[in-house]
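Trainee: Got a structure here, written out as structure tokens. Questions coming.
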Amino acid sequence: MNHFINIDSLCDRIRNDWKSDSAPLCRRIEAIYRENGIEMTTDPIDQQQYLSALFTIVKLIDARHIIETGTFVGCTTAAMACAMNDLHSDGVIETIDPAPWQYGGFDRKDPVAIAEQVLRQAFSNRVILHRGYSVQTWDESRNELPDVPRGVLAELALQPPKTDFLLIDGDHSYQGAWWDLKIGCRTLRPDGPRLVFVHDYHSISDVRQAVRDWHRRNQPWIVFRAYSKNSGFALMQCHPALIMAERRCPFNQSIKKRN
Ligand SMILES: C[S@@+](CC[C@H](N)C(=O)[O-])C[C@H]1O[C@@H](n2cnc3c(N)ncnc32)[C@H](O)[C@@H]1O
């Protein structure tokens, strides 16, 4: 396992793999869905880059434990599971979603049921699906807010930290992104790669602001890189001192958005 990650080398690898590996990866993921009875077409620009970036990261750091907020149809989970399969590792992905019947403007009905069908068949040994909210329920604009457990991420954070890679793509409100960062950071293994990836850093201003505020607040303890095209993403490496400080800190979920 590679714990000594140079984030700039990682970003170079992500960019290089976009040129060569992202289209074959997406064909591979589409084939997995097709084999399990679902027709799925990945968007050739935005989603392809996203899936490829995750695949590259998981492969390069040999992530053995991943937490993801926002399962949706499971494409991102599948991309990361493919990387684990290629490494023949015993890696596990825990993915959290309240599983609304419909999410935002997407026309897929019951998207998490699609994820369940495919991921349970294709990656049953490595994917754990949690039905619930990572922290609280803030994202009222996009979700019908099913009545399912809250605080799944906080529950996971009570366990000894073992996560190598945290992927945040669930509640896209300011509060949602902020608390996924703050609580999710506690799950990171201090002696591991300590990487956090936030999707939609470019396309959703509330997500961007939450990431910027969290970064600003913890500046000396975070190595920060951002990709600001299409949906964009932020990639951060947390210092062990930040993880330890967060684990000691009691939380009350009333953070206010800065103006
Ligand atoms: C943009 S989609 C995720 C896309 C997914 N990563 C993929 O590429 O297949 C966002 C998902 O987050 C879920 N979500 C919303 N609020 C959440 C929360 N508090 N915790 C976990 N998931 C949440 C939604 O139900 C939706 O399925």
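Just so it is clear, none of the values below were taken in a lab; they were calculated from the coordinates. Here the structure is a predicted model, which is why all the values come from computation and not from measurement. In this analysis, Cβ positions are derived from the backbone assuming ideal geometry, glycine residues included, and neighbour counts consider all displayed protein chains.
Trainee: Below 13 angstrom from the Cβ of R13, what's the summed charge of the other residues (Lys, Arg +1; Asp, Glu -1)?
Mentor: Local net charge: 0.
Trainee: I want the local charge near P190. Using Cβ-Cβ distances under 14 Å, sum +1 for each Lys or Arg and -1 for each Asp or Glu among the other residues.
Mentor: +3
Trainee: Highest mean first, how do 58-65, 115-122, 21-28 rank when packing is the count of other Cβ atoms within 10 Å averaged over residues?
Mentor: My ranking of the peptides, most packed first, is 58-65, 115-122, 21-28.
Trainee: What are the ³J(HN,Hα) couplings of region 138-151, residue after residue, when phi is run through the Karplus curve with 6.51, -1.76, 1.60 and θ = phi - 60°? Round to Hz, x for glycine and proline.
Mentor: Calculated HN-Hα couplings, in order: 10, 7, 6, 6, 10, 10, 8, 6, x, 8, 10, x, 9, x Hz.
Trainee: For K109, list the aspartates and glutamates whose Cα falls under 15 Å from its own Cα; do not include residues on the same chain fewer than 8 positions away.
Mentor: Straight-line reach from K109, under 15 Å: E39, D97, E144.
Trainee: Less than 10 Å Cβ to Cβ from I38, Lys/Arg counted +1 and Asp/Glu -1: what total charge do the surrounding residues give?
Mentor: -1
Trainee: Can you tell me which of 84-90, 184-190 comes out highest on packing, and rank the rest after it, using the mean Cβ neighbours within 10 Å?
Mentor: 184-190, 84-90
Trainee: I'd like to compare 210-216, 195-201: which one has the highest average count of other Cβ atoms within 10 Å, and what's the full order after that?
Mentor: Per-residue Cβ counts within 10 Å, averaged per peptide and sorted highest first, yield 195-201, 210-216.
Trainee: Could you tell me what percent of the DSSP beta bridges with both partners in the chain are antiparallel, to the nearest 5?
Mentor: 40 percent
Trainee: Averaged over all directions, how much area does the convex hull of the C-alpha atoms of region 113-179 cover when projected, in nm²?
Mentor: Convex hull of Cα atoms, orientation-averaged projection: 5.4 nm².
Trainee: If you keep only loop residues by DSSP, which GluC sites (Glu not before Pro) in region 1-95 have at most 16 other Cβ atoms within 10 Å of their Cβ?
Mentor: Hits after loop and neighbour filter: E39.
Trainee: Show the residues, 5+ positions off or on another chain, whose built amide H is closer than 5 Å to the amide H of V92.
Mentor: H65, I66
Trainee: Per DSSP H run of n ≥ 4, the term is -39500 (n - 2.57); total these for the chain, divide by its residue number, and report the mean residue ellipticity at 222 nm rounded to 500 deg cm²/dmol.
Mentor: So the calculated ellipticity at 222 nm is -13000 deg cm²/dmol.
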